[in-house]
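First up is the structure itself, then whatever we jot down about it.
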Amino acid sequence: MKRGQPALRLKRGRDAARNHPWIFKGDVADVSDVEPGAAVTVVDSAGRFVGRGFYNPRPALCCRVVTWADEPLDSALLERRLRSAVALRARGASDGPPALGRLVWSEADGLPGLVVDRYGPVLIVQCLTLGMARVRAAIADALARLLDDAPVFAADEDAAARLEGFEVVRGWIRGAGPETVEVDEDGVRFAVTLGTGHKTGLYLDQRENRVRIAGLAAGRDVLDAFCYTAGFAGHALRGGARRAVCIESSPEAIAAARRNLALNGLAARAEIQAVNVFDELRRLERAGARFGVIVLDPPPFARSRSAIPAASRGYKEINLRALRILEPGGHLLTFSCSHHVSDSLFEDICREAAADAHVRPRVVAHLTQSPDHPVLLNVPETHYLKGLHLQLP
């Protein structure tokens, strides 16, 4: 390490940073005076080089390693990582990455704290850390060079910005484009208003699972709980479902769901219930309702380890009710996007729900996030979406 270079020294025995990019305050012995969000060199307790990352003293997760090589953390490195991420999504295609999908998935692409999604002609950048927010302009310039000068829109999340201490940016940061873009997902069209809603506009991690439901829904009644903008319902109806009942409590999401259903000419066979999912599932059970396909895609119930017990009760409740209103031969696609709820725990919860519902479903498939949200073996946090496709006999 060069003399005078900002450095973060790890405590003795805290060597996780050699394999995992996250460094917490409890791992740090001392750190030189470095501007929040700036690059810092990480060294072990003996002063040996470990890596370089962006440092921020504000959150408990104070540093994320970007490179384990002794190289500058500069715009050239960022562009190399972006180029690799884009090439990964374009593999096997002659015309580049898909027109709809994730191009950069944070730690999984060696760019911790950065998300980049593509919606047709538009790129959406979301910064989750102060370090990435500080290099946002360089990222936008590099993306434009890599992807035919595509316009770049920033869509930061309030929670991440508050935690990290940077100002939320929502708007065009390079070029300009439409306020709303229409995208095609395997024959179903979605209108995405930039800068609104959850994630960057669509839950792109559910793409393969939405397509899966189209092959199950023909001639069936479908229940899409926590429907957001009616992604699952849209594919089910396009696949020949008799009708779809959508449950959603967010007025903004409901408006988008209505628009998407109308855009595909599916509104006449859809019913949207602006109610609480837990309450509505109980009501449907009391009413003796039956559905051939049910989707449970709730928001994260466990945002911390301390929330796991309450989250487990919530997951069990909705799965119990769903299994009780699922008709014989029917399909349940049930999900958890809480990283703290492991695959095995989620399966145990569903197993308990099935026992209490007095049913014996078979596991058709274990479900997960789309391949454009890659998972790193040494960073288990990159695997967060787990699901089960269950079918009653």
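No value in this document is a laboratory result; all are computed from the given coordinates. Please read these numbers as outputs of a predicted model, since none were measured by experiment. Every residue, glycine as well, gets a Cβ built from its backbone with ideal geometry; the counts of neighbours run over all protein chains shown.
Put simply, the amide H of GLN273, placed in the peptide plane, has neighbours under 5 Å in CYS246, ILE247, GLU248, leaving out anything fewer than 5 places away on its chain. For segment 200-282, a/c is less than 1.5, where a ≥ b ≥ c are the root eigenvalues of the C-alpha gyration tensor. That puts it in the rounded class. Using the Cα gyration tensor of segment 7-67, with a ≥ b ≥ c the square roots of its eigenvalues, what is the shape: rounded (a/c below 1.5), prolate (a/b larger than b/c) or oblate (neither)? The shape class here is rounded. Axis angle, to the nearest 10 degrees, between helix 277-286 and the longest C-alpha principal axis of the chain: 20 degrees.
Ignoring aspartates and glutamates fewer than eight residues from LYS11 along the same chain, the ones with Cα atoms less than 18 angstrom from its Cα are ASP27, ASP30, ASP33, ASP44.
Peptides 205-217, 241-253 ranked from most to least packed give 205-217, 241-253, packing being the mean of other C-beta atoms within 10 angstrom over each peptide's residues. With contacts taken as Cα pairs under 8 Å and at least 6 residues apart, the chain reaches a relative contact order of 10 percent. GNM remark for the chain: springs join alpha carbons under 10 Å apart, and the peak mean-square fluctuation among GLY329, GLY53, GLY101 falls on GLY329.
Taking θ as phi - 60° and the Karplus parameters 6.51, -1.76 and 1.60, the scalar couplings of segment 8-16 work out to 10, 9, 7, 5, 4, x, 9, 9, 4 Hz in sequence order, x denoting glycine and proline. Global dimensions of segment 209-346 from alpha-carbon coordinates: Rg and Dmax equal 14.6, 44 Å. Using just its DSSP H runs of length 4 or more, each adding -39500 (n - 2.57), the chain gives a mean residue ellipticity at 222 nm of -8500 deg cm²/dmol after division by all residues.
Amide H contacts of VAL28 (H built 1.01 Å from N, in plane; Pro and chain starts excluded): LYS11 sit under 5 Å, all sequence-distant by 5 or more or on other chains.
Label separation (LEU376 vs HIS358): 5.0 nm, computed from points 7 Å beyond Cα along the C-beta direction. Each residue of segment 33-47 was assigned a 3J(HN,Hα) from its phi angle through the Karplus curve 6.51 cos²θ - 1.76 cosθ + 1.60 (θ = phi - 60°); the sequence is 5, 10, 5, x, x, 8, 6, 9, 8, 9, 10, 7, 5, 9, x Hz, with glycine and proline shown as x. Restriction of the trypsin sites (Lys or Arg not before Pro) in segment 21-65 to DSSP coil positions whose beta-carbon has at most 16 other beta-carbons within 10 angstrom yields ARG48. GNM remark for the chain: springs join alpha carbons under 10 Å apart, and the peak mean-square fluctuation among ARG12, ARG89, ARG174 falls on ARG12. Residues of segment 120-137 with amide nitrogen under 20 Å from the 7 Å Cα-to-Cβ point of GLU252? 123-129, by backbone N distance to the label point. Once the Kirkwood radius over Cα pairs is known for segment 75-179, the Stokes-Einstein relation at 20 °C and 1.002 mPa s delivers a diffusion coefficient of 157 µm²/s.
Rounded to the nearest Hz, the phi-derived 3J(HN,Hα) couplings of segment 103-119 under the Karplus curve 6.51 cos²θ - 1.76 cosθ + 1.60 (θ = phi - 60°) are 9, 9, 10, 6, 4, 5, 10, x, 10, x, x, 10, 10, 10, 10, 10, 10, where x marks glycine and proline.
Taking a ≥ b ≥ c as the square roots of the eigenvalues of the Cα gyration tensor of the chain, is the shape rounded (a/c under 1.5), prolate (a/b larger than b/c) or oblate? Cα axes put the chain in the prolate bin. A simple charge model with +1 on the Cβ of Lys and Arg, -1 on the Cβ of Asp and Glu and nothing else charged puts the dipole of the chain at about 620 debye relative to its Cα centre. Only beta bridges with both residues in segment 200-391 are counted; by DSSP, about 40 percent of them are antiparallel.
Residues whose amide H lies under 5 Å from that of CYS62, counting only those 5 or more places away or on a different chain, are ILE23, PHE24, LYS25; hydrogens are built 1.01 Å from N in the peptide plane.
Once you reduce segment 318-393 and segment 205-281 to the center of their Cα atoms, the two points are 19 Å from each other. Residue separation of ARG290 and ASP141 scaled by 0.36 nm, minus their Cα-Cα distance, works out to 48.4 nm of gained length.
When the chain is treated as a Gaussian network with alpha carbon springs shorter than 10 Å, the biggest mean-square fluctuation among GLY195, GLY234, GLY47 belongs to GLY47. Descending by average beta-carbon neighbour count within 10 Å, the peptides 129-139, 263-273 line up as 129-139, 263-273, the highest first. Principal-axis analysis of the Cα atoms of the chain puts helix 308-324 at an angle of about 30° to the longest axis.
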